[in-house]
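Heads up: the structure comes next, in structure tokens.
The values are calculated or read from the model by the stated rules, or taken from the named source; none is laboratory data. Just so it is clear, the model here is predicted, and its values are computed rather than measured. Don't worry about glycine lacking a Cβ; one is built from the backbone with ideal geometry, like all the others, and counts go over all protein chains shown. Just so you know, the surface numbers come from the protein's heavy atoms only, side chains and all, with ligands and any DNA or RNA stripped out. Shrake-Rupley method; radii C 1.70, N 1.55, O 1.52, S 1.80 Å.
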Amino acid sequence: MPYALCFLLFVIGLYCAVVKKNMVKIVIGIMVMEYAVNLFLIMLGYRLGGIAPIVGKEDVAGAGGQVTDLFVSSSVDPLPQALVLTAIVISLGSLALMISICIRTYEKYGTFDITEIRRLKG
Amino acid sequence: MAIFYIYILLLFMIIAAIIAVETKYLLGAVICIGAVGFGASIMFLFLRAPDIAITQIVVEVLGLIILIRACISRELTFISGPREFFGVVVSVVIIFVIFLAGIRVLETLPDFGTAIFAEAPEAASQTYIAEGLQKTGAANIVASVILDFRAYDTLGEATVLFTAIIGATVIMRRKPKKLLEDE
């Protein structure tokens, strides 16, 4: 059920990116889709009653850095977290690129309306 | 109890996203998208991902500043109405079909809260959890993954970020002709 709500959030972003005429609204729809995908990946690695993948003092079993079996069996998945961390930072860079394109288009045409941006010349 | 908070936060994010999509005022839409992002960061805390929650807050603040820079002091921010009626109807029908198909696909996933990765003992995630501290010396397993096991991913991320910022700088550059005349 949380997966379905997450997918509903993605569909809202898709609707916004496809149907709206305003360029900033399209950027907002793409952002909503990014949040939904990140949330879905983190949810896949979650387990009920799990703990964060950070080794505390009580989780170390041996002197060589061995962790206890309790930590192995109750930690959430660290791999999606690492990859989503990368994706979030990249989304900031792409947001800056998209918004700069919007600002330049506004300066050239005087509107954010994509149906009025028709003069495609260099 | 955690799953109750997760439902509440998901509903909050969906309502904020609907308001952001449907409101006329661009600045209001930007504020609502900020609400979605901060809701996502609290959600990451409940999903036991503190690193991502911190990163999400920082990125959200910077993204809000960038978006507000685009919408402030623009006179023509009221663009009402969707595109042509026929195109809108076709788009909505296609999106609805995608939604139904996606719901059917999601039914094949295991229930929320069961650890999928734990069912495969040789999975990479299990190795990272069991031997991350031993092999890298980092108590935070996420940090050991992004900086040690998968450091090339982080290098690629830095490359993509650098390229995107170079593109934004080139697009936002002022008076290129004057620069050319100076040379």
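Per-structure values
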quantity: Approximate spin-label separation residue B:5-residue B:85, in nm, with each point projected 7 Å along Cα-to-Cβ; calculated: 4.9
quantity: Restricting the stretch B:79-167 to trypsin sites (Lys or Arg not before Pro) in coil, as DSSP defines it, with at most 16 other Cβ within 10 Å; calculated: B:83
quantity: Cα-derived Rg over Rh, computed across chain A with Rh taken as Kirkwood radius; calculated: 1.21
quantity: Peptide-level mean, for A:27-39, of C-beta atoms on other protein chains within 10 Å; calculated: 6
quantity: Among B:90, A:35, A:81 the positive-end extreme of the charge dipole of the protein assembly as shown (Cβ point charges); calculated: B:90
quantity: Label zone at residue B:15 (point 7 Å along Cα-to-Cβ), backbone N below 17 Å, the stretch B:24-57; calculated: B:29, B:31-40, B:42-43
quantity: Accessible surface of residue A:1 - all protein chains present, 1.4 Å probe, nearest 10 Å²; calculated: 140
quantity: Ranked packing of A:75-81, A:8-14, most packed first, by mean Cβ within 10 Å; calculated: A:75-81, A:8-14
quantity: Calculated [θ] (222 nm, deg cm²/dmol) that DSSP helices of n ≥ 4 give over chain B, each run adding -39,500 (n - 2.57); calculated: -24000 deg cm²/dmol
quantity: Theoretical gain in end-to-end length, residue B:173 to residue B:134 [0.36 nm per residue, Cα-Cα removed]; calculated: 9.2 nm
quantity: Inter-centroid distance (Cα atoms) of the stretch B:100-138 relative to the stretch B:1-43, Å; calculated: 27
quantity: R0 of 45 Å, Cβ-Cβ distance residue A:118-residue B:109: FRET efficiency to nearest 0.05; calculated: 0.50
quantity: Pair residue B:124, residue B:24: separation of 7 Å Cα→Cβ label points (nm); calculated: 5.0
quantity: Accessible solvent surface per residue of chain B, calculated while the other protein chains remain in place, 1.4 angstrom probe, Å²; calculated: 59
quantity: Heavy-atom accessible surface of the protein assembly as shown: percent carbon and sulfur, 1.4 Å; calculated: 69
